[in-house]
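Structure, as structure tokens:
Values in this text are rule-based calculations from the coordinates and carry no lab data. The shown structure was predicted, so the numbers you read here are calculated from the model rather than taken from an experiment.
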Amino acid sequence: MSRFEFYWPWMGLLLLLPLLVRYYWPFPPPKEEERPELKGRHTVLLHPALVQLQEAFHADRPGTPLATRVYGLLLALLWLGLVVALMRPQWLEVHTQLKTEGYDLMLKSDRSHVVL
């Protein structure tokens, strides 16, 4: 009877590492001012029909593209595979000792009479 087990099951804790990184490391990083000399200055747009202008350029936010979702899924599968490989999966089988009939042989060769 054989069974499957991990040699280092505690390495499974590494599966939580991407979640901890995402939680403790701000993503995306906060943007810094590109031009510090303009810090504190604000631009005001004056338009007679500002409400209609805002409605004209208001659009629904596009959804996440399929390529981005597939990329995230592939990264997750890659991380899962790496962590499972680090856990060293093993098939363990019951040790059986085989007794076979045979002879112990030794081969001897003599190279002392080599002619140069």
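Structure data summary
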item	result
Potential extension, Leu66-Ser2 segment - 0.36 nm per residue separation minus Cα distance	18.8 nm
Potential extension, Thr43-Leu105 segment - 0.36 nm per residue separation minus Cα distance	12.8 nm
Rh (Kirkwood; distinct C-alpha pairs) - region 59-116, Å	19.4
